[in-house]
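Visitor: Below is the structure I would like to discuss, written out as structure tokens.
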Amino acid sequence: MQRTAAGFRPAKPAITDPGLPVPPLLAERLAAAAPADGEPQPVGGGPEVRTAACGYWERRGLPTLPERVVFGPGPGPLLLALLAAAGGDLLLPRPGPAWYEPQARLLGRTAHYTPTPSDGGGVPDPFALLETVRRASAEGRDPRLLVLSVADDPTGTVTPPELLHEACEAAADAGLLIVSDETYRDVLHDPHTVLVSPAEMLHDHTVVLADLGSGLMPPGWPAALALFPADGPAAALQAPVMDALAAARAEAAAPVCAAAALALTEPLELRAHAAAANRLHAAVAGAAHRELTARGALCPPPQAGFHLYPDLTPLRPALQAHGATRSDELEDLLPACLSGHRFGEDPAALRVRLTTSAFYGSTPAERRAALEAPEPLRLPHVAGALTELGRALTELTTG
């Protein structure tokens, strides 16, 4: 197994693309929107996309005005600009999305990880959060910005409102600003799942961030939103964020802006596409969850997105017999698997993220069939992929 001097293999892509077909309505809008003069879009987005974003947020209980919305070419530039504007270090949930920590490293800042409950989404235990802040401060660090994800990658879980309330109170006590990553709020398996935003609890300290590529837009068309409050310390970040985006020339392409403006209005065709995608995510993630737990793995039931986060510690003796003593050694043994160390975990912990969208098919035609099927688990290619997962798990857990 190839390793770097630090003990890990080179970076492996952290798959966040469900690989589903682009709705024709969006493809047509993108194709028709290329400006003949090549005029760039304004940094932060033009009036059309920011006004559409207001409707999107209002339908989710977060009314706002266009001047409080910033549109950017993907979530990375927005988080990087937020971190630059806030100063200090970053506080992250463990496990947490693999793309958070690199933003801190780009600015020479430290990321401090705080453990999360197994079924609590990407929101840390409030007492652990306060202890992490205390320790970082005692070491001369300056933690300022806490990133939460209430509908979570990598775990696929959703934060209970009571845990979120306690975590927000702890953040307020510690004087932290919050970035609420709500990328997966529109990829809930059950539309009746209760999801509460930190912006509803700690409004003036929270900036809401959303990558539209999880459900509204194809991930290959980078588009993301940041929603700032009208006043308070989080509102004060907006001007320096805009300055940072302007300095980096981080404006979205005009066709992407036009497609995003349409997607954010959520016309009937796009709502139907999203509902079909969420049914597919729920069916396949549920089936993969059954395969894992039937063989003794611990895994919270999936509630959002297309990832699972199983803990294979109960299977350690059998895995050791196959030469797997660390989570990074499982990447070559299980399909669609990434080691937990990529999400802030100790590599000695046998936790991995399983990307269930990898089971939708290997060709565009197969993935379209999975999206359109009333019972996707009956499709031969989906059933075959899940059978292969079960076979790999059986081989790893038997002599």
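Visitor: Using only Cα atoms, locate the centre of region 64-139 and the centre of region 350-376, then give the distance between them in Å, rounded to an integer.
Guide: 30
Visitor: Another one. Of the listed values [x] 19.7; [y] 24.4; [z] 18.7, identify the label whose number matches mean projected area of the Cα convex hull in nm² calculated from this model.
Guide: Among [x] 19.7; [y] 24.4; [z] 18.7, the one derived from this structure is [x].
Visitor: I've got another one for you. Looking at region 110-183, which GluC sites (Glu not before Pro) are in a loop (DSSP not H, G, I, E or B) and have at most 10 other Cβ atoms within 10 Å?
Guide: Details: sites: GLU131, GLU139, GLU162, GLU166, GLU169, GLU182; in loops: GLU139, GLU182.
Hits after loop and neighbour filter: GLU139.
Visitor: Now for a separate question. Would you give the gap between the C-alpha center of region 228-255 and the C-alpha center of region 152-203, rounded to a whole Å?
Guide: Each part's Cα centre sits 22 Å from the other's.
Visitor: Based on DSSP H runs of at least 4 residues, each adding -39500 (n - 2.57), what is the mean residue ellipticity at 222 nm of the chain after dividing by all its residues, to the nearest 500 deg cm²/dmol?
Guide: It lands at -11500 deg cm²/dmol.
Visitor: Of GLU375, GLU345, GLU366, how do they rank once you tally other Cβ atoms within 10 Å and put the fewest first? Walk me through the numbers on the way to the answer.
Guide: Working: GLU375 9, GLU345 23, GLU366 17.
Ascending number of Cβ neighbours within 10 Å: GLU375, GLU366, GLU345.
Visitor: So, one more: Along the Cα→Cβ direction, 7 angstrom out, place labels at GLU28 and THR363. What is the inter-label distance in nm?
Guide: Once both label points are built, they end up 2.7 nm from each other.
Visitor: Among MET217, MET242, rank each residue by its count of other Cβ atoms within 10 Å, from fewest to most, as a rough exposure measure. Intermediate results must be reported in sequence, preceding the final value.
Guide: On the way: MET217 24, MET242 17.
Least to most surrounded, the residues fall as MET242, MET217.
Visitor: Give, rounded to the nearest 20 debye, the magnitude of the charge dipole that region 227-351 has about its Cα centre when Lys and Arg contribute +1 at Cβ and Asp and Glu contribute -1 at Cβ. Intermediate values should be presented prior to the final figure.
Guide: On the way: 9 positive and 13 negative charges, 78 e Å.
With Lys and Arg at +1 and Asp and Glu at -1, about 380 debye.
Visitor: Compute the signed sum of charges (Lys and Arg +1, Asp and Glu -1) over the other residues within less than 11 Å, Cβ to Cβ, of ALA385. Walk me through the numbers on the way to the answer.
Guide: Details: positive: ARG391; negative: GLU291, GLU366, GLU388.
Charge balance near ALA385 sits at -2.
Visitor: Name the residue farthest towards the positive end of the dipole of region 26-265 from the options GLY45, ALA172, ALA34, assuming +1 on Cβ of Lys and Arg, -1 on Cβ of Asp and Glu, about the Cα centre.
Guide: Value computed over the given set: ALA34.
Visitor: According to a simple spin-label model (label point 7 Å from Cα along Cα-to-Cβ), what is the distance in nm between ALA373 and ALA247?
Guide: 5.1
Visitor: Can you give the longest run of the chain that contains no trypsin sites (Lys or Arg not before Pro) sitting in a DSSP loop with at most 12 other Cβ atoms inside 10 Å?
Guide: Values: sites that count: ARG3, ARG59, ARG249.
So the longest stretch without any such site is 60-248.
Visitor: Please give the charge dipole size of region 26-265, origin at the Cα centre, charges +1 on K and R Cβ atoms and -1 on D and E Cβ atoms. Round to the nearest 20 debye. Show your work: numbers first, answer last.
Guide: Working: 14 positive and 29 negative charges, 88 e Å.
Computed charge dipole of region 26-265: roughly 420 debye.
None of the figures in this text is laboratory data; all of them are computed from the coordinates on show. Given the structure is predicted, the values throughout are model-derived calculations rather than measurements. When we count neighbours, we look across all protein chains shown, and the Cβ atoms used for this are built from the backbone with ideal geometry, even at glycine.
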